[in-house]
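Beneath this line is the structure, given in structure tokens, with notes to follow.
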Amino acid sequence: MPEHAHDQRRGATGGLRTPPVQEWDSWPFEGGVQPKALRAPEPEPSRDGEGDRACEACGKADDQYIWTDERWRLQLFPPSGLPVVAILEPREHVDGPRDLSDAMLAEMGIMLARVERAVLTIEGIERVHILRYGEGAAHLHWWFMGRPTGLRQTASGFAMIWDDVLPPTPEDVWRENLATIVAAMNASAHPA
Ligand SMILES: [Zn+2]
């Protein structure tokens, strides 16, 4: 618990700092910022698929994914600022990698590489950011975000914010990207 951040002796801001984000190349906005007040630690809410909440992922049909096999499903988000935002999930409802068998963990490593390669087959994508948070849903899901070649400002931690700042990818380009990913997934070797 970050009690030191709530130490009133540190003044009205609780010792929160304001890094010079306006000077950072990847910061998407102009002008200065000031940190929000940090709320006191609070109860953790139930996530999707946890406690009394039904799991959205487990309830989805395969036709809501762009690619599936016996154990994994790949979903593509509708057009947004980045050319590709996709999510890979195991069919099995597990919370984190810690809950998977060794065989599934080994396959997960292969799947991460297969999806990364598939996204990289799209022309104009330089890098694929692969992330796992697990804060919104309790069903394990890996994020894949395609980072456009040359758009250096989208190169790192603020890519997810840039995804909301950049104008959405045109529908026809997005459909081409989808087809490219599906073709690459189908063409890559199936895990043994
Ligand atoms: Zn689930």
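The values are calculated or read from the model by the stated rules, or taken from the named source; none is laboratory data. No experiment lies behind these values; they were computed from the predicted model shown. As a convention, Cβ positions derive from the backbone with ideal geometry for all residues, glycine included, and neighbour counts pool all protein chains shown. When the accessible area is computed, the model is the full protein with side chains, heavy atoms only, and any ligands, DNA or RNA have been set aside. Shrake-Rupley method; radii C 1.70, N 1.55, O 1.52, S 1.80 Å.
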State to the nearest 20 debye the size of the charge dipole of the chain about its Cα centre, where the only charges are +1 on K and R beta carbons and -1 on D and E beta carbons.
-> 520 debye
In nm, to one decimal, how far is the Ile110 label point from the Glu123 one, both placed 7 Å along Cα→Cβ?
-> 3.2 nm
Ile130 accessible area, nearest 10 Å², 1.4 Å probe?
-> 60 Å²
Rank these residues by their accessible area, most exposed first, probe 1.4 Å: Arg71, Arg117.
-> Arg117, Arg71
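Per-residue ellipticity at 222 nm for the chain, helices alone: DSSP H runs ≥ 4 residues times -39500 (n - 2.57), over residue total, nearest 500 deg cm²/dmol?
Values: 4 runs with 47 residues, N = 192.
Mean residue ellipticity, 222 nm, calculated: -7500 deg cm²/dmol.
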On a 0 to 90 degree scale, rounded to 10, what angle separates helix 102-120 from the longest Cα axis of the chain?
-> 90 degrees
Length gained if Arg71 through Asn186 is fully extended, taking 0.36 nm per residue and subtracting the Cα-Cα distance, is 39.9 nm
Name the most mobile residue of Pro28, Pro19, Pro168, meaning the one with the largest mean-square fluctuation, in a Gaussian network model of the chain with Cα contacts below 10 Å.
-> Pro19
What angle do you read, to the nearest 10 degrees and between 0 and 90, between the alpha-carbon axis of helix 171-187 and the longest principal axis of the chain?
-> 60 degrees
Anisotropy class of the chain from Cα gyration tensor, a/c 1.5 cut | oblate
